[in-house]
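Below is one structure; the comments refer to it alone.
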Amino acid sequence: MADQLRPEDITLELAPQPRGDVTTVEVDGEAVVYSPNTGVHRLDTIATVLWRCFDGDTSLHELAEDLVDVFADEDPSRLSADLLAYTRDLGRVGLLDAVDPGDPNTDG
Amino acid sequence: MTARTRSADPKTLLVPPPRSRALRTGRFRALGHDFAVRTPDAALTGYLNKTFGALAAPGKASGEYLLRSVRTRGGRRWETRYGDERVTVTAEPSMALAMLLWHVNREAVARTPGLVRVHAAVASLDGTAVMLPAPMESGKTTLVAGLVRSGLDYLSDEIAALDPATLTVRAYPKALSVDPGSWTALADLEPRVDPAVAGWLPEQWQLPATAIRQDAVAEVAQPRVVVFPRYEPGAATQLDRLPRAEAVVRLVQSTFRFEEEPHRDLEALGRLARDCECYELVMSDLETACALVLETLSSRVRR
């Protein structure tokens, strides 16, 4: 577990990937993800779009650039910050490979 | 004189088991659980034949429960066994029977691995079903009893057994287990019980659906509405739409042994939610709750 990231240590350089043992189904644009370790999670529509993009090859930085192309009116730094926040949230609930969610009962 | 046999438990001296064929019930099938019950009491055998009547099947059961009296150093006790498994030994015959009923449900889940088993009541209208998933004490048995009284067909008050390929629900039409808190709302359905078995009965009605309406039991149905009921005394009874993804989350949380086949079950529950309208029902008044569910289900049947 030594090379596991903490969610708060995720940066835009990370190419996130769902854990291999999670199962996902999409309904009305929202993903429902089951992890044997942390149970069932409902992702909102934005998190669901990101979830689909997490292939282990594409970095958050590259995803942020794509988002800037799509949402030309949005502040690029704001988009990057939101992307990072969503990814850290997914890491905290134990859905990302190589990210240790830590103890959910512990602050920080 | 026949010597008494001694069980594996040295503290327990067994009373010889009953020999009369009249003390063995017929064969029942609770989904994949195939059983009969041997009892020390002809009246109890009759009661169980009636209670499990909707599960009756021809032929010989592959498993057998035994309800019997045992003498221990602490006095007379009541034992429930399933084959070699001792389910319980208790001072109260009503607890022995309650544990048998509990065990039947447990085994129905355990012995039906090919189906997605949701903790839910199910009723149907013209083959179109409403599923009512909820934890214990949420009012699902009361609601399904009210719906059957209102004319719907009955599939279960405990397990919605979904075929993952077709998403049809296979009936598990056990007797409805009605707790005392619902006896007033369902007073007209109070079962008539032979006084000879009164001492065996837990403080819970076992109400065969056929006692509500002779033709009430359906074999299979296609769910088109999912309603998550929650009994809340004093609250306004209302039905609110639930996002389908939230319905999937709640269905997962209501599915027995989900962790055994998570991919299959999640995929099936996702398709189920896409096929259904999903609601949350807060209820304090049974009549209003039934009317709301009936109206919603009827609109799906008409489509």
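Return the average number of partner chain Cβ atoms within 10 angstrom of each residue Cβ along peptide B:250-256. Working shown, then result.
On the way: counts 2, 2, 7, 2, 0, 1, 0.
Partner Cβ neighbours, averaged per residue: 2.
Roughly how far apart, in whole Å, are the Cα centres of the stretch B:233-303 and the stretch B:147-226?
18 Å
Quick one: putting +1 on the C-beta of Lys and Arg, -1 on the C-beta of Asp and Glu, what dipole do you get for the stretch B:35-191 around its Cα centre, in Debye to the nearest 20?
Once rounded to the nearest 20, the dipole reads 700 debye.
Quick check on the exposure proxy: order B:Ile159, A:Ile10, A:Ile46 from fewest to most C-beta atoms within 10 angstrom.
Neighbour counts put them in this order, fewest first: A:Ile46, A:Ile10, B:Ile159.
Please report the relative contact order for chain A, taking Cα pairs under 8 Å with a sequence separation of at least 6, and give it as a percent rounded to a whole number.
Computed value for chain A: 38 percent relative contact order.
Specify which residue in the list B:Pro40, B:Ala57, B:Thr72 is farthest towards the positive end of the charge dipole of the stretch B:40-92, using unit charges on the beta carbon of Lys, Arg (+1) and Asp, Glu (-1), about the Cα centre.
B:Thr72
What Kirkwood Rh does chain B have if only Cα atoms enter the pairwise 1/r average? Answer in Å.
It is 20.2 Å.
Quick check for the protein assembly as shown: number of Lys pairs with alpha-carbon distance under 24 Å, counting only pairs 8 or more apart or on different chains?
Eligible lysine pairs with Cα atoms under 24 Å apart amount to 5.
For B:Ala42 paired with A:Ala98, estimate the spin-label separation in nm (one decimal), with each label point 7 Å from Cα along the Cα-to-Cβ line.
The two pseudo-label positions are separated by 7.7 nm.
Using the Kirkwood radius over Cα pairs, work out the Stokes-Einstein diffusion coefficient for the stretch B:153-249 at 10 °C and 1.306 mPa s, in µm²/s as a whole number.
In µm²/s, the coefficient is 99.
Testing the spin-label approximation: label points 7 Å from Cα along Cα→Cβ at B:Gln214 and B:Ser299. State their distance in nm.
In this crude label model, B:Gln214 to B:Ser299 measures out at 3.6 nm.
Label-point separation (nm) for A:Asp9 and A:Asp57, each offset 7 Å from Cα along Cα-to-Cβ?
Modelled inter-label distance: 2.7 nm.
Could you list A:Tyr34, B:Tyr231 so that the one with the fewest beta carbons within 10 Å of its beta carbon is first and the one with the most is last?
Ranking A:Tyr34, B:Tyr231 by Cβ neighbours within 10 Å, fewest first, gives B:Tyr231, A:Tyr34.
Inside 10 Å of the C-beta atoms of B:273-281, what's the mean count of C-beta atoms belonging to other chains?
1
Which three extents, in whole angstrom, do the alpha-carbon atoms of the stretch B:57-152 cover along their principal axes, largest first?
Reported extents, whole Å, longest axis first: 55, 29, 24.
Calculated from DSSP H runs of 4 or more alone, at -39500 (n - 2.57) each and per residue, what is the 222 nm mean residue ellipticity of chain A, nearest 500? Working shown, then result.
Values: 3 runs with 37 residues, N = 108.
Computed ellipticity for chain A at 222 nm equals -10500 deg cm²/dmol.
Using the beta-carbon distance between B:Thr288 and B:Glu137 and R0 = 22 Å, what value does 1/(1 + (r/R0)^6) give for FRET efficiency, to the nearest 0.05? Before the final figure, lay out the partial values.
Numbers: r = 20 Å, r/R0 = 0.90.
Here the calculated transfer efficiency is 0.65.
What's the exposure ranking of B:Met283, B:Met95, going from fewest to most Cβ atoms within 10 Å?
Least to most surrounded, the residues fall as B:Met95, B:Met283.
What does the average come to when, for each residue of peptide B:258-269, you count the partner chain Cβ atoms lying within 10 Å of its Cβ?
Average per residue, whole number: 3.
Quick one: dipole size for the protein assembly as shown, taken about the Cα centre, charges +1 on Lys/Arg Cβ and -1 on Asp/Glu Cβ, in debye to the nearest 20.
The dipole of the protein assembly as shown has a size of about 3960 debye.
Could you let me know the centre-to-centre spacing of the stretch A:37-71 and the stretch B:47-69, using Cα atoms, in angstrom?
The two parts, judged by their Cα centres, are 55 Å apart.
Each reported figure results from applying straightforward, stated rules to the coordinates on display, with no laboratory input. Every value quoted in this text rests on a predicted model; they were computed, and no experiment measured them. All Cβ positions, even for glycine, are placed from backbone atoms using ideal geometry, and neighbour counts span all protein chains on display.
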